[in-house]
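Student: Quick one: this structure, given as structure tokens, is what I'll be asking you about.
Taken together, the values in this text are just the output of simple stated rules run on the coordinates, not laboratory data. Source: prediction; values computed, not measured. Because the Cβ atoms are built from the backbone with ideal geometry, glycine has one as well, and the counts that use them run over all protein chains shown.
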Amino acid sequence: MAPEAEYKEEEIMKVKITGKSHVKPSKKLGRRECRLVTFDLPYIAFHYNQKLLVYKGNEYDDMVGKLKDGLGAVLEDFYQLAGKLARDEEGVLSVEYDDDMEGVEVVEAKAEWISVEDLAVELGTSTLKELIPYNGILNSEGLHRPLLSMQLTKLEDGLAMGLAFNHAIIDGTSTWHFMSSWAQICSGLPSVTVLPFLDRTKVRNTKVKLHPPPPDQDAQNASSNGTADAKPVDPPLRERVFKFSESAIDKIKSKVNSNPPSDGSKPFSTFQSLAVHMWRHVTQARQLKPEDHTVFTVFADCRKRVDPPMPESYFGNLIQAVYTVTAVGLLSMNPPEFGASMIQKAIEMHDAKAIEERNRQFERSPKIFQFKDAGVNCVSVGSSPRFPVYEVDFGWGKPETVRSGINNRFDGMVYLYRGKSGGRSIDAEISLEAGAMERLEEDKEFVVEVN
């Protein structure tokens, strides 16, 4: 662990930053380097991926000490998170680690006016903004910043753990693999039970030269400079967590599967059923014209889809966006199985051959993704209810709340989490233009009531 840095107490709104340090792997590893591959590069102009886990407990200093010690140990295997991005003279990006690097950034803070219960609210992210680092920071900044930053904030009755992961180096599966492994070490296990598979070139070994280089500033969140050519300001967004209980999920799934297609297709999965439910009702809340188009986008895990398949422990990005598009009138006037069947077929068709073609297209003409690339009038799903977010126990109990930060939000972005109550319950964290959100909240068929 690096020695505590000199710091000057400063105030961000009401959250006081009280200290800052860096944590490295507990033992010397020497120099390590791994080239970023085609699956990683599209996300270089996304923002750092932010997560917030809130825990109960009154032993803040002990909790922080335990987290730092466990972090040093787990970074021996997950050392890429303690490194930096590098770009060579050809424009090829890699993730590099060296013992001389600073490591993971750890900020300590106090917000003792906030309780654990305060952070369990289902609305908005304005309070969360103060608890998670790297708001509005692009992944390309990983050339100059740590690839993982965290803020550990002392609450009235607990600890808020705000994390910012560089999305150009890991996806959701890798994020929660790391979090679970870190928790295991803190809970007393001598070593990580499932080691990360770190050689990205085993899944793709094509050198991709990014020209022009990745952006060095956030054009999408840039403040208006007051000039005549300033871009119009997007309408304000609202965020809301909609909690679907086990019985609500079962009701939605049963309805979508009540009249299965006659072509012998498989029954619709829980994800496909909830996906079409959200897509239809969000589209209705937007009050679009029947001839308008709408897109459903899901970032599919490709670990078992590529040839040869990669292990679940593959550490990096191994996802691709899968798009489904139709006219608003067709989606809304047909029964839900119409949209569910489109989503199901799009996901099933995204096989090794489709993945290979997508990679070749990108390598011929690299395109750095922006939010608008998710599609017109989109509902775009990130995260997954498969991730064990409420199982991350560092030794003082499971989290009371798991949320996303303000980064990578746009009109139609959805983060799905396994519900805290477990089983088949799912929390959907949705961002929408304010008027559409108000109509969605009033839609009694969307917020399923179970007798």
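Student: Students often forget the sequence filter, so: which aspartates and glutamates lie under 14 Å Cα-Cα from Lys345 once same-chain residues fewer than 8 apart are removed?
Tutor: Partners within reach: Asp263, Glu337.
Student: Under a straight-distance cross-link criterion of Cα-Cα below 19 Å, which lysines are reachable from Lys66, leaving out those fewer than 8 residues away in the same chain?
Tutor: Straight-line reach from Lys66, under 19 Å: Lys20, Lys24, Lys27, Lys56, Lys110, Lys154, Lys398.
Student: For Val325 and Glu33, FRET efficiency with R0 = 51 Å and r from the beta-carbon atoms, rounded to 0.05?
Tutor: 0.80
Student: Right, next: Obtain the nm distance between the two label points defined at Val447 and Asn259 by a simple spin-label model: each point lies 7 Å from its Cα along the Cα-to-C-beta direction.
Tutor: Computed distance between label sites Val447 and Asn259 equals 2.8 nm.
Student: Let me ask another. Which entry in (1) 0.91; (2) 0.98; (3) 1.04 is this structure's computed Cα Rg over 2.2 N^0.38 Å?
Tutor: Matching the structure shown: (2).
Student: Then there's this: If you add up the charges near Gln287, with Lys and Arg at +1 and Asp and Glu at -1, over every other residue whose beta carbon is less than 15 angstrom from its beta carbon, what do you get?
Tutor: -4
Student: What GluC sites (Glu not before Pro) does segment 62-124 have in DSSP loop regions with at most 15 other beta carbons within 10 Å?
Tutor: Glu89, Glu90, Glu112, Glu122
Student: Something else about it: Describe numerically, in nm with one decimal, the distance between label points set 7 Å from Cα along Cα→Cβ at Arg87 and at Met349.
Tutor: About 3.5 nm separates the two model spin labels.
Student: Which value in nm describes the separation of the simple spin-label points at Ser269 and Lys207, placed 7 Å from the Cα toward the beta carbon?
Tutor: 3.7
Student: Using only helices, what value at 222 nm comes out for the chain when you add -39,500 (n - 2.57) per DSSP H run of length 4 or more and divide by the total residues, to the nearest 500 deg cm²/dmol? If you can, show how the numbers build up before the last one.
Tutor: Details: 8 runs with 98 residues, N = 451.
Theoretical 222 nm ellipticity from helices: -7000 deg cm²/dmol.
Student: While we're here: At 0.36 nm per residue, minus the direct Cα-Cα distance, what do Lys420 and Asp100 gain on full extension? Give it in nm, one decimal, please.
Tutor: So the chain would gain 111.2 nm between Lys420 and Asp100.
Student: What size of dipole, in debye to the nearest 20, comes out for the chain about its Cα centre when the only charges are +1 on Lys and Arg C-beta atoms and -1 on Asp and Glu C-beta atoms?
Tutor: Taking the Cα centre of the chain as origin, the dipole is about 1180 debye.
Student: If I take the Cα coordinates of segment 10-202 and project them onto the principal axes, what are the three extents in Å, biggest first?
Tutor: Between the extreme Cα coordinates on each principal axis of segment 10-202 lie 50, 37, 29 Å.
Student: Over the Cα atoms of segment 342-451, what radius of gyration and what Dmax do you get, in Å?
Tutor: Rg then Dmax for segment 342-451, in Å: 17.7, 55.
Student: Let me ask something else. Which lysines, on any chain, are close to Lys207 with Cα under 16 Å apart, when same-chain ones fewer than 8 places away are left out?
Tutor: Lys367
Student: What is the extension gain from Glu246 to Glu291, computed as 0.36 nm multiplied by their sequence separation minus the C-alpha to C-alpha distance, in nm to one decimal?
Tutor: Stretched out fully, the Glu246 to Glu291 stretch lengthens by 12.7 nm.
Student: Could you give the length gained on full extension between Asp69 and Lys16, defined as 0.36 nm per residue of separation minus the Cα-Cα distance, in nm?
Tutor: Net length gain for the segment: 16.7 nm.
Student: Can you give the FRET efficiency for Leu189 and Met333, using 1/(1 + (r/R0)^6), R0 = 51 Å, r = Cβ-Cβ distance, to the nearest 0.05?
Tutor: The computed FRET efficiency comes out at 0.40.
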